[in-house]
Amino acid sequence: MTLWQIILLASIAVLALKLVGYLVPPRVLETPTAARTANLTTVALLSALIVVQTVSVGQQLTLDARLPALVVAAGLLAVRAPFILVIVAAAASAALLRMLGWAA
Amino acid sequence: MSDVASRRDARRASLAVGLAVSAYGVSFGALAVTAGLDVWQTCVLSLVMFSGGSQFAVIGVLASGGTAAGPAAIAGATLLGLRNTLYAVRVSPIVGPGWVKRLAAGHLTIDESTAVATAQPTLEGQRWGFWMTGLVIYVGWNLTTLAGALLGDLLGDVSRFGLDAAAAAAFLGLVWPRLTALQPVVVAVAAAVVAAVAIPVLPPGLPVLVAALVALVVGLPDLFGRRPGTEPLRAHDAALDEHGPPAPDAGEAHR
């Protein structure tokens with residue numbers, strides 16, 4: 001599979017999912033079970049992506065500057081800092097730790 | 001509320017959310033280039049897929065697994081994009097009839113446009129909120145994606161600047177406003193554990209999909225729910241609070 005094929009297939013699939021929603025009469029998908037499970041799927045996926053992005057390199061688990069940066073981000077989110085500040089602070093923390101040589 | 005006032009409120013919320021979310025396209029662009037995409041491929045993701053969570057999932061999986069992880073990247077993006085279908089069902093009456101309008105609205109159906117629209121008290125405000133948030137983010141997100149991709153191309157290895165950590169922080173910002181009850185917290189923790197256990201034993205991309213099963217295990221029988229069957233579908237509210245994190249949908253976010 002080439003990179004272009006992956007990108008186009010994934011893009012079309014995501015776009016199609018949006019359009020499908022406009023063909024469905026309202027209420028059909030609004031059963032409590034469907035809505036609840038869809039919302040929880042988003043939570044599960046995002047949570048898993050955080051772990052993958054923070055502690056893995058390929059198939060290896062590693063601890064490096066990303067974990068302390070994530071802790072900084074969590075602290076800022078807890079005090080309701082603006083989203084963009086959270087992102088910038090996380091990046092800056094990791095960059096600083098690497099510059100100082102305190103973390104890989 | 002008068003139409004004038006509801007339009008004004010909707011415009012204000014749209015701009016605040018739209019500009020904040022757009023700024024964050026820079027990190028998507030830079031990360032995509034680091035993951036091995038060229039500038040065109042990066043821009044196609046923002047132009048066509050246009051759903052932050054799914055876009056980050058694609059480049060996250062490709063960054064760790066390369067093109068061999070292509071099917072997992074597509075599956076991850078698609079699963080994350082499922083919530084847009086529910087949003088579309090929800091905003092469909094706000095958009096109204098006319099297939100050209102509905103096609104355009106479909107493209108703009110993301111966490112933020114849904115969240116801003118559904119938070120407005122009048123139909124007029126809801127229409128303004130949906131279209132303005134969607135259009136501001138569409139234009140802004142694509143411009144910043146291009147800027148980030150060009151910048152990332154120039155800078156080379158962006159881990160020096162901590163951009164790999166920015167991706168994790170972005171996902172955290174997306175999930176944070178959803179952790180308002182026991183049930184989503186249980187799912188988040190369980191999914192994180194499943195992913196961590198699966199990373200060394202499964203090929204890149206699959207741990208995320210296996211972790212998604214946690215949502216089905218908890219969601220279908222409504223384990224840890226407060227009052228079974230009373231949770232309505234709604235875009236989370238954080239994007240509406242100008243002081244809170246406007247989670248890019250990410251789609252969800254709230255990209």
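Observations
- Here A:T33 clears all of (1) surrounded by 22 or more Cβ atoms within 10 Å (Cβ to Cβ); (2) among the hydroxyl-bearing types (S, T, Y); (3) farther than 19 Å from B:I110 by Cβ except the condition numbered (1).
- Filter result for A:A90 (modelled with pLDDT under 95, under 20 Å from B:A63 (Cα atoms), buried (at least 16 other Cβ atoms within 10 Å of the Cβ) and not polar (S, T, N, Q)): yes
- Residue match in the range B:139-151 (condition: at pLDDT below 90 and within 27 Å of A:A69 (Cβ to Cβ)): yes
- Filter pass, B:I94 being in the same structural domain as B:N142 (by TED's automatic domain parsing), among the β-branched types (V, I, T), crowded, with 24+ Cβ neighbours inside 10 Å and at pLDDT 90 or above: no
- Condition broken by B:S46, with the remaining ones in (1) surrounded by 24 or more Cβ atoms within 10 Å (Cβ to Cβ); (2) in contact with a Ser or Thr (Cβ under 6 Å, 6 or more places away or on another chain); (3) within 7 Å of another protein chain (Cβ to nearest Cβ) satisfied: (3)
Results for (1) part of a helix (DSSP H, G or I); (2) within 18 Å of B:G76 (Cα to Cα), shown as yes or no for each residue.
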{"position": "B:R127", "(1), (2)": "yes, no"}
{"position": "B:W131", "(1), (2)": "yes, no"}
{"position": "B:Y138", "(1), (2)": "yes, no"}
{"position": "B:T145", "(1), (2)": "yes, no"}
{"position": "B:A192", "(1), (2)": "yes, yes"}
{"position": "B:L202", "(1), (2)": "no, yes"}
{"position": "B:A215", "(1), (2)": "yes, yes"}
{"position": "B:R226", "(1), (2)": "no, no"}
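- Residues in the range B:110-126 that are out of contact with any helix residue (DSSP H, G or I) (no Cβ under 6 Å at 6 or more places or on another chain) and surrounded by fewer than 24 Cβ atoms within 10 Å (Cβ to Cβ): B:T118, B:P121, B:L123.
- Taking first residues from the range B:126-144 that are farther than 13 Å from B:V44 by Cα and partners that are modelled with pLDDT of 95 or more and in a helix (DSSP H, G or I), no Cβ contact under 6 Å between residues at least 6 apart in sequence or on separate chains turns up.
- Per-region count, the range B:196-220, residues crowded, with 18+ Cβ neighbours inside 10 Å, at the interface with chain A (Cβ under 7 Å from one of its Cβ atoms) and either among the charged types (D, E, K, R) or more than 19 Å from the chain's Cα centre (by Cα) (or both): 7
- Candidates B:V33, B:V26, B:V48 - the one that is under 18 Å from B:G152 (Cβ atoms), among the β-branched types (V, I, T) and under 16 Å from the mean Cα position of the chain (by Cα): B:V26
- Of the residues in the range B:8-21, at least one is within 10 Å of chain A (Cβ to nearest Cβ), buried (at least 24 other Cβ atoms within 10 Å of the Cβ) and closer than 30 Å to B:G205 by Cβ.
- Checking each residue in the range A:58-100 for being of a type in the set (V, I, T) and facing chain B (nearest Cβ under 7 Å) picks out A:I84, A:V86, A:I87.
- Matching option when the condition is touching a Lys or Arg at 6+ places or on another chain (Cβ under 9 Å) and at pLDDT below 90, among B:P184, B:P232, B:P204, B:P248: B:P248
- Filtering the range B:147-163 to residues that are part of a helix (DSSP H, G or I) and either among the polar types (S, T, N, Q) or out of contact with any Ser or Thr (no Cβ under 8 Å at 6 or more places or on another chain) (or both) leaves B:A147, B:L150, B:L151, B:D153, B:L154, B:L155, B:S159, B:R160, B:F161.
- Checking each residue in the range B:127-170 for being within 16 Å of B:I110 (Cβ to Cβ), surrounded by fewer than 24 Cβ atoms within 10 Å (Cβ to Cβ) and more than 14 Å from chain A (Cβ to nearest Cβ) picks out B:W131, B:M132, B:L135, B:V136, B:V139.
- The one condition from (1) among the charged types (D, E, K, R); (2) over 30 Å from B:V214 (Cβ atoms); (3) within 13 Å of chain A (Cβ to nearest Cβ) that B:E124 does not meet is (3).
- All positions within the range A:60-94 that are of a type in the set (S, T, Y) and out of contact with any Ser or Thr (no Cβ under 8 Å at 6 or more places or on another chain): A:S93
The values are calculated or read from the model by the stated rules, or taken from the named source; none is laboratory data. Given the structure is predicted, the values throughout are model-derived calculations rather than measurements. FYI the Cβ positions are ideal-geometry reconstructions off the backbone, even for glycines, and counts take in every protein chain you see.
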